[in-house]
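For reference, the structure is listed below as structure tokens.
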Amino acid sequence: MRYNHGVRHGIGFLVVGLVACGPKSGPTTVQPPNGGSGSGVVTTTDLGAGSAKPVPPGEAPDIGCLTSTCVFHGGGAGYFTCLAGGNGTCFHFGAACTPADACMFDPTANAYKQCTKPGDGTCLAWGAACAPASKCMYDARDKLHHTCEQVSGGTCARYGALCSP
């Protein structure tokens, strides 16, 4: 009986989280606390650019929700959904995935290539050399992601600072 109760609460929180983190568009109105009078404060949030106009003190801004990315996992030699990460690595992996642009790291060639036939987080057939649009590339030497300052034929000739995959 306790298990069912816990599972139901977990599902409830998941549903609330999904609804709360759904796509947002347009202005957000923040009402005065305790049902006070006034028209509220209108703020606009551009989640795509990661910026927002400031909100008055004492009111919570709409910060949006975390988004997952599709990153290379060196130990798994494939791509997986990154549910939490930073400092050049992913801390919590989810399901296998394929990056939107299909530019994937080939661990055999130690280079990025266009995947012409993706399959379950790996590539079954490789195409020409490429580089991720973000220039956040996996470095097999330290097994971390760095900003590539000089892309060269699917490899990075000069790595810069760590980046979030």
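Quick rundown of the values:
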quantity: Condition met for Ala52 (at pLDDT 95 or above and in contact with a strand residue (DSSP E or B) (Cβ under 9 Å, 6 or more places away or on another chain)); calculated: no
quantity: Filtered residues of region 120-151 (kept if of a type in the set (D, E, K, R) and outside any strand (DSSP E or B)); calculated: Asp120, Lys135, Arg141, Asp142, Lys143
quantity: Residue that is surrounded by the most Cβ atoms within 10 Å (Cβ to Cβ), among those in region 90-121 that are among the aliphatic types (A, V, I, L, M) and over 21 Å from the mean Cα position of the chain (by Cα); calculated: Ala111
quantity: Test result for Thr67, modelled with pLDDT of 65 or more, within 25 Å of Ala161 (Cα to Cα) and loosely packed, with under 15 Cβ neighbours inside 10 Å; calculated: yes
quantity: Near pairs, Cβ below 8 angstrom, 6+ apart or cross-chain, from region 107-124 (among the hydrophobic types (A, V, I, L, M, F, W, C)) to any residue that is open to solvent by 50 Å² or more (accessible area, probe 1.4 Å) and assigned to a loop (DSSP other than H, G, I, E, B); calculated: Ala111/Gly153; Cys115/Thr98
quantity: Residues (part of a strand (DSSP E or B) and surrounded by fewer than 19 Cβ atoms within 10 Å (Cβ to Cβ)) located in region 80-89; calculated: Thr81, Leu83, Ala84, Gly85, Gly86, Thr89
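The values are calculated or read from the model by the stated rules, or taken from the named source; none is laboratory data. The structure presented is a predicted model; accordingly, all values stated were derived computationally and were not measured. Glycine also receives a Cβ, built like all others from the backbone with ideal geometry; neighbour counts cover every protein chain displayed. These area figures cover heavy atoms from the full protein model, side chains too; ligands, DNA and RNA do not enter into them. Shrake-Rupley method; radii C 1.70, N 1.55, O 1.52, S 1.80 Å.
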